[in-house]
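Here is the structure we will look at.
The values are calculated or read from the model by the stated rules, or taken from the named source; none is laboratory data. Remember, it's a predicted structure, so these values are computed and weren't measured experimentally. So basically every Cβ, Gly included, is an ideal-geometry build from the backbone, and we count neighbours across all protein chains shown. Side chains are part of the model used for accessible areas, which takes the heavy atoms of the whole protein and leaves out ligands, DNA and RNA. Shrake-Rupley method; radii C 1.70, N 1.55, O 1.52, S 1.80 Å.
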Amino acid sequence: MPTPAIPRQASSPSFSQREFRASLAMFATGVTIVTARTPAGVLVGLTANSFNSVSLQPPLVLWSLARAAGSMAALSTGSHYAINILAADQKELAERFASGRADRWDGVAHTEGASGAPLLDGAAAHFECFNRSRYEEGDHVIFVGEVERCGHRAGASPLLFHGGRFYTEHPL
């Protein structure tokens with residue numbers, strides 16, 4: 001019996017963009033703020049929930065950013081960035097950095113990481129990353145960072161996002 005031919009490309013979607021987004025929203029994620037400092041010293045930060053581990057050896061993580069994002073130039077050309085995993089009490093920061101506010105850094109407590117990327121005070125964890133590689137896929141760019149330093153706040157509850165709303169953890 002002959003082996004069926006393997007398609008060389010995906011078939012057209014059988015769903016609307018709205019249905020796709022609603023389905024994606026059913027996956028609960030953590031919430032991060034990706035931060036960097038431009039060579040001119042300008043602070044960059046944005047909320048992202050597209051974060052994932054890739055490898056333990058070497059230590060790699062990934063996240064993605066829309067190609068049209070205003071911070072794309074700074075993040076794609078800079079050598080380092082930090083990924084700050086938000087704690088349950090940092091919902092306001094998540095909303096602030098998801099907005100287009102020009103003053104998003106006003107009053108935000110942070111320290112400077114070894115590479116200059118801001119580390120947000122009170123975050124559940126942070127990863128200081130070398131900007132190792134980028135992959136353009138669809139309307140986003142996937143960033144892979146090689147983790148040079150990391151730390152976490154023991155016992156911190158994470159901020160979660162599901163179905164378009166923020167949550168905190170509840171043990172089962």
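In this entry, residue 111 passes the filter for residues that are surrounded by fewer than 17 Cβ atoms within 10 Å (Cβ to Cβ), touching a strand residue (DSSP E or B) at 6+ places or on another chain (Cβ under 8 Å), closer than 22 Å to residue 71 by Cα and among the hydroxyl-bearing types (Ser, Thr, Tyr). Candidates in segment 26-49 are the residues that are open to solvent by 30 Å² or more (accessible area, probe 1.4 Å), among the small types (Gly, Ala, Ser) and touching a residue at least 24 places away in the same chain (Cβ under 8 Å); of these, the one that is nearest to residue 80 (Cα to Cα) is 30.
When segment 114-126 is filtered for residues that are more than 25 Å from residue 142 (Cα to Cα) and either open to solvent by less than 60 Å² (accessible area, probe 1.4 Å) or in contact with a Gly (Cβ under 7 Å, 6 or more places away or on another chain) (or both), only 122 remains.
Pairs meeting the criteria (first residue in segment 65-77 and more than 15 Å from residue 41 (Cβ to Cβ), second residue acidic (Asp, Glu), beta carbons under 7 Å, at least 6 apart or on different chains) are 66/139; 67/139.
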